[in-house]
């Protein structure tokens, strides 16, 4: 789905038969303007709800110096970071304590004692083609809850859509968590049997 497809699905949830053609930039309709305002909020809220497999990234952080008392290093956070997950030290896969702070120059900084820090984080994704179907559906319901409070103003429908979002986002979370699990495989090389021999058994 595209952003406009998710927006049109959200509009259909609240009984609005209008369809938007574009939200970036928005077309001339009131629906497009509302979707342009609310869609990024709904999308990022859903992305931040869970550490989705397709959003996970790792990056070596840039030391910007001038560490704050209590911390040895001060790093600039990636601009596309939605949520930090784990900080480790290069070459050591051991989680290190860290704190996040706002900064006038760098927007967001990471304070830690990890030298040559590596950050695992979730990235804000703007390519909807990467979204799993259940996540797209969840975003559409959350967006619908916003729109129902605006065009037209319907508090009951807004609450109903929010409840649907909560149900679907949990299903999406479970599906994503299960997709990341690997089956148990016997890793002992002594027990390995070549495929050709297995076929003759």
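Could you work out the equivalent-ellipsoid semi-axes for the chain, taking the square root of 5 times each eigenvalue of the Cα gyration tensor, largest first, in whole Å? Mind dumping the intermediate values first?
Working: eigenvalues 285, 178, 38 Å².
In descending order the semi-axes read 38, 30, 14 Å.
Report, in degrees rounded to the nearest 10, the 0 to 90 angle that the Cα long axis of helix 155-179 makes with the longest principal axis of the chain.
20
Using a Förster radius of 25 Å, what is the FRET efficiency between residue 33 and residue 120 based on their Cβ-Cβ separation? Nearest 0.05, please. Could you put the intermediate results ahead of the total?
Values: r = 37 Å, r/R0 = 1.48.
With a Förster radius of 25 Å, E is 0.10.
Could you tell me how far the Cα centroid of the stretch 64-96 sits from the Cα centroid of the stretch 1-38, in Å?
Cα centres, the stretch 1-38 to the stretch 64-96: 38 Å.
Report the label-to-label distance for residue 92 and residue 159 in nanometres (one decimal), using points 7 Å from each Cα along the Cα→Cβ vector.
5.3
Sort 66, 3, 159 by Cβ crowding within 10 Å, fewest neighbours at the top. Provide the component values of the computation, followed by the final result.
Numbers: 66 7, 3 20, 159 13.
Fewest-to-most Cβ neighbours within 10 Å comes out as 66, 159, 3.
Each label point is 7 Å from the Cα along the Cα-to-Cβ direction; what then is the distance between the points at residue 66 and residue 53, in nm?
Reported label-point gap for residue 66 and residue 53 is 4.3 nm.
I'd like the orientation of helix 3-13 relative to the chain: the angle between its Cα long axis and the longest Cα principal axis, in ° from 0 to 90, rounded to 10.
50
When the helix-only estimate is applied to the chain (DSSP H runs of n ≥ 4, each -39,500 (n - 2.57), divided by the residue count), what is the mean residue ellipticity at 222 nm, nearest 500 deg cm²/dmol?
Computed ellipticity for the chain at 222 nm equals -12500 deg cm²/dmol.
Percentage of Cα-Cα pair distances in the stretch 11-70 greater than 20 Å, rounded to whole percent?
Details: 968 of 1770 pairs.
Cα-Cα pairs in the stretch 11-70 separated by more than 20 Å: 55 percent.
Rg to Rh for the stretch 54-123: what is it, with Cα atoms only and Rh by Kirkwood? Don't jump to the answer; show the numbers that get you there.
On the way: Rg = 11.1 Å, Rh = 11.9 Å.
Here the Rg-to-Rh quotient is 0.93.
What nm value, rounded to one decimal, do you get for the distance between residue 106 and residue 45 when each label is placed 7 Å out toward the C-beta?
Distance between label points: 3.1 nm.
How far, in degrees from 0 to 90, does helix 30-48 lean away from the longest principal axis of the Cα atoms of the chain, to the nearest 10?
20
Quickly rank 17-30, 118-131, 138-151 as a protection proxy: mean count of other C-beta atoms within 10 Å, highest first. Don't skip to the answer; put the middle values down first.
Values: 17-30: 14.2, 118-131: 16.1, 138-151: 24.1.
With the highest mean Cβ count within 10 Å placed first, the list reads 138-151, 118-131, 17-30.
FYI, it's all coordinate maths here, none of it is from the lab. All of these numbers come straight from a predicted model, not from anything done at the bench. We place every Cβ from the backbone using ideal geometry, glycine too, and count neighbours over all the protein chains shown.
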